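Peer 1: Here you go, one structure.
What follows draws every value from the coordinates through simple rules; no lab data is involved. These numbers come from a predicted model, not from an experiment. Reconstructed Cβ throughout: ideal geometry from the backbone, glycine too, with neighbour counts over all protein chains shown.
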Amino acid sequence: MNTTPSLPDKVPVLIAGGGPVGLSLAALLAHHGVPCLVLEADPSWCEGSRAICLSRRSLEILGWVGADSPVTAKGLPWVGGRSYFRGTEVLHFEMPSEPAERFAPMVNIQQYYIEQFAHAAAVRAGGVEVRWSTRVSAVRPQASGVDVDCQSENGRTHRIHADWLVACDGGRSTVREQLGLQLEGMQYEGRYVIVDIEQDTRRQVERLAWFDPPSNPGSTILMHRQPDNVWRIDYQVADHEDPVDAVKPENVLPRVQAHLDMIGETAPWKPLWISIYNAKCLTLPRYRNGRVLFAGDAAHLVPIFGVRGLNSGLDDAGNLAWKLALVRQGRAGDGLLDSYSSERVLAARENIAFGSKSTEFMAPPHHGFELLREAALRLALVTPGVRSLINPRQTSPVEYVNSPLNQPDQGTAFTGGARAGMPGPEARLRTLQGLGHLTALYGSEFVALYFSNNPRLPDRVQRLAADSVVLAAGSAVAALRLVRVSAKGGPDSRTVADDLGQAWQRYDAIEGTLYLIRPDGYVMGRWREASSAGMDIDRVLKRALKDPG
Amino acid sequence: MNSTELELTYTALAESIARVGETKTSLLLATLALDLLSRQPDADAALTYILQAERLANI
């Protein structure tokens, strides 16, 4: 008997695609009090490891909905990597990392776990329904929303009216096709085979790359460890090889065996998953079309090198969720969603620029890049100065330069810290709950960080703590939380103790400095001497949200 | 030269090689190398670079 309840006829937010971006967005929206329906064509979480490297920034975003702890409990943290030319190490890189940090720079974990944990977070937050084996078949934008036809397993078509539709339906997005929109950009010819194998290993977790290794002369090989004794192995196939033949086990397994032999991994192994990939640099020119928004691979496709695919998709979700919640709750004009588009298109273009550079090295697109790579790898043996050319340029959060939400610095000039449009820096702190991290305060509402060693706040700052001056009471995401960052003395209910001085230093603070942090952890504005200069944070918030840009 | 400038230089030379085509690549690189070697303080310095490049090419 089919006991599946029927689909609703109307929903506030419909998310097309229940991959890692769609499920994370659902959890984030639910966290901000917006119910949503997720439709996924596949019957469950994905097969194959797919995206496996989660950045520190992605872990922070997952942390807003409590999906970070299952990832870090299961995943394998790492900080750097090594590259070899033939048998010799030519690069050892390390990403920024410090003792007692909240998250490692990168954590390896199979995508199906990320989906599972994001899904669980969405269910926990409440108000999210996920329908598997249900595909979007038609999309008709209307003035007040979007009519969406979807087909469930039994083949029946159901029509849903959504106030907002978010396309998280991947590289071959049905929503994008239905709207007649085209990705713009280019793709590279060079192909990589992707293989997951299961094998016991004790090797350190790091990114490993071999250029022209004796095991597979002429090829490039990448290896990453994953949980559950799984290796991800990527290797470049020659231009003349047929892509269909390239993924046949009889062609894949001997190459893997040769390489495992070369590096001394001798435990028995078995293949789990084989796929093939070529680098694409594509994006929509805009991620908002009326009531339809695009996120993740539906919006942009970036090269695998530098792990900017899923990580940028999660940043899309983190950027969109609070804005859509404010618009949906009537706390902000829908122009706020245009800032989602402009900020994240800018991020995609930067990711594409870095991804292209990495691809030109990892899969040289022509004779010129092939020759230069040969030269760089050889020179790297004797000239450390050229080794930066081999660095994989791993993902990092993008600065939203010229965002309409950025407030210009006012009053006394900062000489450091984070400008409006940059992510708020991390710092180790002491709170009433014990040792903690500054970024753990972000992700729910606006935060006003007030740097002062005086527990008595000036009236104009004190006023910020009162609900009456913020946008509205009763909407968590529209609230403003005032946090005093004190370099002296202990924490209290709204004071964090900056014992190490990291926060004061990284925010370039003096007594009376104030930062306005967006719900996604980005700096919106800052005032070096808030108590004396014209610090009108409530007016700034109201103007920016009602009429951004 | 910092790493950003090195990367720009790397890309510019790769694209230049692609523009002249494979048949003229050696000529392009020899011209470039001779120009840069002529700016070395003396022949010994230049010879060191030449022998290093020869050794790396034979790896």
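Peer 1: Using +1 on the beta carbon of Lys and Arg, -1 on that of Asp and Glu, and nothing else charged, what's the dipole of the protein assembly as shown about the Cα centre, debye to 20?
Peer 2: Magnitude of the dipole: close to 1540 debye.
Peer 1: Set Lys and Arg Cβ to +1 and Asp and Glu Cβ to -1, take the dipole of the protein assembly as shown about its Cα centre, and tell me which of B:S38, A:G355, A:V382 lies farthest positive.
Peer 2: A:G355
Peer 1: Using a simple charge model, +1 on the beta-carbon of Lys and Arg, -1 on the beta-carbon of Asp and Glu, nothing else, what dipole does the stretch A:384-432 show about its Cα centre, in debye to the nearest 20?
Peer 2: 240
Peer 1: Now for a separate question. In chain A, which longest range has no GluC sites (Glu not before Pro) that are both DSSP loop (not H, G, I, E or B) and surrounded by at most 16 other Cβ atoms within 10 Å?
Peer 2: A:242-510
Peer 1: Another question about this same structure. Name the residue farthest towards the positive end of the dipole of the stretch A:213-339 from the options A:S275, A:V244, A:V292, assuming +1 on Cβ of Lys and Arg, -1 on Cβ of Asp and Glu, about the Cα centre.
Peer 2: Final value for the positive-end residue is A:V292.
Peer 1: List the residues, sorted by chain then number, that are 5 or more residues from A:F446 or on another chain and whose placed amide H is less than 5 Å from its amide H.
Peer 2: Those qualifying (amide H under 5 Å, at least 5 residues apart or on another chain) are A:A479, A:R481.
Peer 1: Based on the Cα coordinates of the stretch A:1-149, what is the per residue volume of their convex hull in Å³?
Peer 2: 179
Peer 1: Give me the inter-chain shielding for A:76-85: mean count of other chain Cβ atoms within 10 Å, whole number please.
Peer 2: Per-residue shielding by partner chains comes out at 0.
Peer 1: For A:A332, which sequence-distant residues (separation of 5 or more, or a different chain) have an amide H within less than 5 Å of its own amide H, given hydrogens modelled in the peptide plane?
Peer 2: Those lying under 5 Å, H to H, from A:A332 are A:V327.
Peer 1: Using only DSSP helix segments of four residues or longer, with each worth -39500 (n - 2.57), what per-residue ellipticity at 222 nm results for the protein assembly as shown after dividing by its residue count and rounding to 500?
Peer 2: Computed mean residue ellipticity for the protein assembly as shown: -10000 deg cm²/dmol.
Peer 1: I'd like the distance separating the alpha-carbon centroids of the stretch B:1-46 and the stretch A:403-440, in whole Å.
Peer 2: 44
Peer 1: Hey, if you put +1 on the Cβ of every Lys and Arg and -1 on every Asp and Glu Cβ in chain A, which of A:M524, A:L179, A:T495 ends up farthest toward the positive end of that dipole?
Peer 2: Working it through, the farthest residue towards the positive pole turns out to be A:T495.
Peer 1: What distance in nm separates the simple spin-label points at B:L28 and A:Q505, each placed 7 Å from Cα in the Cβ direction?
Peer 2: 4.7
Peer 1: Lys and Arg at +1, Asp and Glu at -1: add these up for the other residues within a Cβ distance under 15 Å of B:E54 and post the number.
Peer 2: +1
Peer 1: Within the stretch A:202-241, find all residues whose amide N lies under 17 Å from a label point positioned 7 Å from the Cα of A:N278 along Cα-to-beta-carbon.
Peer 2: Residues A:235-241 fall inside that zone.
Peer 1: Averaged over peptide B:17-27, how many Cβ atoms belonging to another chain are found within 10 Å of each residue's Cβ?
Peer 2: 2
Peer 1: Using a simple spin-label model with points 7 Å from Cα along the Cα→Cβ vector, what separation in nm is obtained for B:T11 and A:E184?
Peer 2: About 1.8 nm, to one decimal.
Peer 1: Taking every DSSP beta bridge with both residues inside the stretch A:2-127, roughly what % is antiparallel (nearest 5)?
Peer 2: Around 75 percent of the beta bridges assigned by DSSP in the stretch A:2-127 are antiparallel ones.
Peer 1: Where nothing but the Cβ of Lys and Arg (+1) and of Asp and Glu (-1) is charged, how large is the charge dipole of the stretch A:199-290 around its Cα centre, in debye to the nearest 20?
Peer 2: That gives the stretch A:199-290 a dipole magnitude of about 600 debye.
Peer 1: Would you mind computing Rg(Cα) / (2.2 N^0.38 Å) for the stretch A:194-289, counting N as its residues?
Peer 2: Its radius of gyration relative to the 2.2 N^0.38 Å reference: 1.24.
Peer 1: Once you order the gyration tensor axes a ≥ b ≥ c over the Cα atoms, which shape class does the stretch A:52-114 get: rounded for a/c under 1.5, otherwise prolate or oblate by comparing a/b with b/c?
Peer 2: prolate
Peer 1: Just tell me how shielded B:47-55 is by partners: mean number of partner chain Cβ atoms within 10 Å of each residue's Cβ, no decimals.
Peer 2: Shielding by partners across B:47-55 averages 1.
Peer 1: Measure out, as a whole number of angstrom, how far apart the alpha-carbon centroids of the stretch A:302-325 and the stretch A:92-128 sit.
Peer 2: 13
Peer 1: How many angstrom lie between the Cα centre of the stretch A:41-80 and the Cα centre of the stretch A:256-290?
Peer 2: One Cα centre to the other: 17 Å.
Peer 1: Return the percentage of antiparallel bridges among DSSP beta bridges fully within the protein assembly as shown, rounded to the nearest 5 %.
Peer 2: Roughly 70 percent of the DSSP beta bridges within the protein assembly as shown come out antiparallel.
Peer 1: If you average over every viewing direction, what projected area does the convex hull of the Cα atoms of the protein assembly as shown give, in nm²?
Peer 2: If you wrap the Cα atoms of the protein assembly as shown in a convex hull and average its projections, you get 31.7 nm².
Peer 1: Residue by residue through the stretch A:104-118, what is 3J(HN,Hα) from phi via Karplus (6.51 cos²θ - 1.76 cosθ + 1.60, θ = phi - 60°)? Round to whole Hz and write x for glycine and proline.
Peer 2: 5, x, 8, 10, 8, 7, 5, 4, 5, 5, 4, 4, 4, 6, 5
Peer 1: At what distance in nm do the modelled label points of A:R286 and A:R124 sit from each other, each positioned 7 Å from its Cα along Cα→Cβ?
Peer 2: Label at A:R286, label at A:R124, 3.8 nm between them.
Peer 1: Follow-up question, since we're still on this one. State whether the stretch A:258-369 is rounded, prolate or oblate according to the following rule on the C-alpha gyration tensor (a ≥ b ≥ c being the square roots of its eigenvalues): a/c under 1.5 gives rounded; otherwise a/b larger than b/c gives prolate, and the remaining case gives oblate.
Peer 2: prolate
Peer 1: Next question. Could you tell me whether the stretch A:115-196 comes out rounded, prolate or oblate from its Cα gyration tensor? Rule is a ≥ b ≥ c as square roots of the eigenvalues, rounded for a/c under 1.5, then prolate if a/b exceeds b/c, otherwise oblate.
Peer 2: Oblate is the answer for the stretch A:115-196, as a/c is 1.5 or above yet b/c matches or exceeds a/b.
Peer 1: What is the gain in length, in nm to one decimal, between A:E177 and A:R203 on full extension, counting 0.36 nm per residue of separation less the C-alpha to C-alpha distance?
Peer 2: 4.9 nm
Peer 1: Say R0 is 45 Å: what FRET efficiency, to the nearest 0.05, do A:T415 and A:K542 get from their beta-carbon distance?
Peer 2: 0.90
Peer 1: Could you calculate the contour length gain from A:M262 to A:D228, that is, 0.36 nm times the residue separation minus the distance between their Cα atoms, to one decimal place in nm?
Peer 2: Residue separation times 0.36 nm, minus the Cα-Cα distance, leaves 10.0 nm.
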